[in-house]
Amino acid sequence: MARIAQRKGMEKGIGKGQARLLKLLIQQRFGPLPEAVDARLRTAAPEQLDAWALQVLDAACLEEVFGLSENH
């Protein structure tokens, strides 16, 4: 039980770190984040954060990072 809890805690910490780094990269490239984007970063799965991180490299605007359905 303790190992499972420890692993889940580590995964949660890694996810928070991923979200924080992606937030910094996006802010550096596009400026301050709208609250809706910040909320998406905080609640996203690690796989989604990875996909967005790759899109930051080539995106011309914030909407391109998150796809066409950015309005939610």
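The values are calculated or read from the model by the stated rules, or taken from the named source; none is laboratory data. For clarity, every value in this text was computed on a predicted model and none was experimentally measured. A quick note on method: Cβ atoms are made from the backbone with ideal geometry, for glycine too, and the neighbour counts reach across all protein chains shown.
Determine which member of the set ARG29, ARG40 is touching a Phe, Trp or Tyr at 6+ places or on another chain (Cβ under 8 Å) and part of a helix (DSSP H, G or I).
Numbers: ARG29 fails: touching a Phe, Trp or Tyr at 6+ places or on another chain (Cβ under 8 Å).
Of the residues listed, the single one that is touching a Phe, Trp or Tyr at 6+ places or on another chain (Cβ under 8 Å) and part of a helix (DSSP H, G or I) is ARG40.
Restricting attention to the stretch 22-32, which residues are over 12 Å from the mean Cα position of the chain (by Cα) and under 15 Å from GLU64 (Cβ atoms)?
ARG29, PHE30, GLY31
Step by step: first the residues of the stretch 1-11, then only those that are over 15 Å from GLU47 (Cβ atoms) and surrounded by 10 or more Cβ atoms within 10 Å (Cβ to Cβ), then the one that is modelled with the lowest pLDDT. Which residue is that?
As a first pass, look at the stretch 1-11 and keep what is over 15 Å from GLU47 (Cβ atoms): 1-10.
Going one step further and asking which of them are surrounded by 10 or more Cβ atoms within 10 Å (Cβ to Cβ), we end up with 6-10.
Working: GLN6: 65, ARG7: 67, LYS8: 66, GLY9: 65, MET10: 59.
Among those that are over 15 Å from GLU47 (Cβ atoms) and surrounded by 10 or more Cβ atoms within 10 Å (Cβ to Cβ), it is MET10.
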